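A.B. asks: What follows is a single structure, and I will ask about it in a moment.
What follows is calculated from the coordinates using simple rules that are stated; it is not laboratory data. Everything quoted here is computed from the prediction, not taken from an experiment. Cβ placement follows ideal geometry from the backbone for every residue including glycine, while neighbour counts extend to all protein chains displayed.
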Amino acid sequence: MDSSTTSTHAPRLSRRTRAAAAATALCAVAALAACSSSSGGTSAGSGGSGSGSGSAVGVSLILKTLTNPYFVSMENDAKTAAAKDNVNLTVAAGTKDGDTQSQITAIDNAIARGDKGILITTNGDAVNAALNQAKQAGLFVIALDTAPNPPSTADITYATDNTAAGKLDGQYAAAALGGKPAVIAMLDLFNNQVVSVDIDRDHGFLEGMGINPGSATENGQEAKTGTYTGGGTYTIACHQPTQGAIDGGRTAMENCLSANPNINVVYAINEPAAEGAYNALKAAGKQSQVAVYAIDGSCSGLKLVSSGEFTADAVQYPGKMAALGVDSIAKLARGGSKPSVTQGKDFFDTGTALVALKGYSGVTVQSPSDAASACWGS
């Protein structure tokens with residue numbers, strides 16, 4: 001959500017529909033989009049020698065979609081790592097965010113092909129049974145961007161700390177408000193599926209503002225009025241699903257404005273949803289009155305911070321997740337050790353940072369130009 005993710009992101013998607021910006025080759029086969037590559041070399045991402053030696057290792061990269069630059073960046077960096085690690089990489093994806101059946105088909109194909117491992121940005125809990133079958137068949141399963149529910153469905157997750165990313169946005173929002181009343185629109189991923197990236201980012205934003213989410217497992221359970229960090233009052237105007245897309249973000253924002261035209265803070269699950277929200281605000285003549293907060297860190301998203309469309313953007317590094325995953329499976333298949341989680345966490349944290357034009361006391365930010373050295377997409 002992409003959440004991209006991302007990017008998750010979640011899971012993530014931006015001027016793009018999280019959509020088209022940097023798309024490389026897309027192959028469609030029935031309900032699946034798929035591509036493959038192979039070659040030889042040494043390790044990418046996590047270092048170490050010898051991961052490219054020996055016979056080729058089969059790995060499947062199964063993404064949410066291939067229309068989202070967040071996931072395209074995963075594909076690109078995974079292919080680069082595969083070329084170095086002598087990995088036969090098969091790339092498959094859902095036809096849209098939430099398409100679990102296409103992912104299940106791709107998992108079944110990986111088992112039948114005899115792949116050594118699967119990297120997946122899961123579209124939902126419906127894939128769990130197939131992933132468990134893959135593990136029983138001896139495949140090592142790495143979740144990228146979004147941990148499955150439960151996380152143990154994968155052998156390990158490589159991801160942004162989505163709660164931390166949301167908190168960065170929330171902390172900045174509280175500081176920027178400076179005690180003024182906050183009327184908040186929460187633009188989530190789904191309202192009919194439980195996906196960890198959706199919960200984590202939503203709750204992280206609220207916690208960053210000093211608001212108790214009210215539940216560890218559900219969105220929308222916080223008190224609808226109260227005070228945020230710094231003593232100002234808040235009102236939650238709405239929770240709306242966006243599917244992590246520009247069109248979904250615009251519709252969600254329109255619905256929120258209908259419910260409460262006084263909204264002055266927008267949390268968005270990812271950049272595409274944030275971009276759609278900004279479009280709705282602009283159409284209503286309210287864009288200068290509302291702070292829009294995103295999560296992703298694409299190159300195009302950083303430009304929207306520079307232009308003022310986004311007030312802040314919590315960045316993540318999807319290509320790093322995929323490259324590390326390819327490298328880990330290649331090493332494991334050749335007798336190496338299993339990858340381990342980040343100390344104190346139940347996943348491997350690939351990092352996050354906050355990008356904004358203006359700084360506030362107690363909140364560390366990067367400028368868009370500084371963050372551009374590690375952005376993805378175009």
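A.B. asks: Are any of the pairs Lys79/Lys331; Lys303/Lys358; Lys116/Lys331; Lys96/Lys282; Lys64/Lys96 more than 18 Å apart by Cα-Cα distance, and if so, which? Spell out each step's value before the answer.
C.D. replies: Values: Lys79/Lys331 16 Å; Lys303/Lys358 15 Å; Lys116/Lys331 11 Å; Lys96/Lys282 27 Å; Lys64/Lys96 7 Å.
Going by Cα-Cα distance, Lys96/Lys282 fall outside the 18 Å limit.
A.B. asks: Based only on other Cβ atoms within 10 Å, what is the fewest-to-most ordering of Ser300, Ser378?
C.D. replies: Details: Ser300 21, Ser378 16.
Result, fewest neighbours first: Ser378, Ser300.
A.B. asks: Under 17 Å from the Cα of Lys345, which lysines turn up, not counting those fewer than eight places away in the same chain?
C.D. replies: Lys167
A.B. asks: So for Arg334, Arg201, Arg250, Arg113, fewest C-beta neighbours within 10 Å to most, what's the order?
C.D. replies: Details: Arg334 17, Arg201 38, Arg250 22, Arg113 12.
With the fewest neighbours first, Arg334, Arg201, Arg250, Arg113 line up as Arg113, Arg334, Arg250, Arg201.
A.B. asks: Can you compute the charge dipole magnitude of the chain about its Cα centre, using +1 on each Lys and Arg Cβ and -1 on each Asp and Glu Cβ, nothing else charged? Give it in debye, rounded to the nearest 20. Can you show the working numbers first?
C.D. replies: On the way: 25 positive and 31 negative charges, 103 e Å.
My answer is approximately 500 debye.
A.B. asks: Does the stretch 232-357 classify as rounded, prolate or oblate by the C-alpha gyration tensor (a ≥ b ≥ c root eigenvalues; a/c under 1.5 gives rounded; else a/b over b/c gives prolate, otherwise oblate)?
C.D. replies: On the way: a/c = 2.67, a/b = 2.49, b/c = 1.07.
Taking the square roots of the gyration eigenvalues as a ≥ b ≥ c, the stretch 232-357 is prolate.
A.B. asks: Cα centroids of the stretch 317-355 and the stretch 52-113: how far apart, whole angstrom?
C.D. replies: So the separation of the two Cα centres works out to 16 Å.
A.B. asks: Cβ under 10 Å from Asn264's Cβ, Asn264 left aside: what net charge do those residues give with Lys, Arg +1 and Asp, Glu -1? Show your work: numbers first, answer last.
C.D. replies: Values: positive: Lys180, Lys286; negative: none.
Around Asn264, the charge tally is +2.
A.B. asks: Full extension from Gln101 to Asp349: what is 0.36 nm times the residue separation minus their Cα-Cα distance, to one decimal in nm?
C.D. replies: Values: separation 248, 0.36 × 248 = 89.28 nm, distance 2.82 nm.
Value of the extension gain: 86.5 nm.
A.B. asks: Work out how much length Ala129 to Ser378 would gain on full extension: take 0.36 nm times their residue separation and subtract the Cα-Cα distance, in nm to one decimal.
C.D. replies: Numbers: separation 249, 0.36 × 249 = 89.64 nm, distance 3.61 nm.
Separation in residues times 0.36 nm, less the Cα-Cα distance, equals 86.0 nm.
A.B. asks: For the pair Asn191 and Ala259, how long in nm is the line joining their label points, each one 7 Å along Cα→Cβ?
C.D. replies: Placing both labels 7 Å along Cα→Cβ, they lie 0.7 nm apart.
A.B. asks: With the contact rule set at Cα under 8 Å and sequence spacing of 6 or more, what percent relative contact order holds for the stretch 134-190?
C.D. replies: Values: 32 pairs, mean separation 12.1, N = 57.
This gives 21 percent for the stretch 134-190.
A.B. asks: So how far apart, in nm, are the two label points at Lys282 and Gln136 if each is 7 Å from Cα heading toward Cβ?
C.D. replies: According to this spin-label approximation, the distance is 5.2 nm.
A.B. asks: Quick check: pseudo-label points 7 Å beyond the Cα along Cα→Cβ at Lys338 and Thr225, how many nm apart are they?
C.D. replies: That separation, rounded to one decimal, is 5.1 nm.
A.B. asks: Determine the distance separating the Cα centre of the stretch 160-178 from the Cα centre of the stretch 270-293; give it in Å without decimals.
C.D. replies: What the calculation gives is 18 Å, centre to centre.
A.B. asks: Here are labelled values, (i) 118; (ii) 170; (iii) 144, and one is the computed volume of the Cα convex hull per residue in Å³ for what I pasted. Which one?
C.D. replies: Matching the structure shown: (i).
A.B. asks: Of Glu207, Glu75, how do they rank once you tally other Cβ atoms within 10 Å and put the fewest first? Please report the intermediate quantities before stating the final value.
C.D. replies: Values: Glu207 19, Glu75 25.
Going from least to most buried by this count: Glu207, Glu75.
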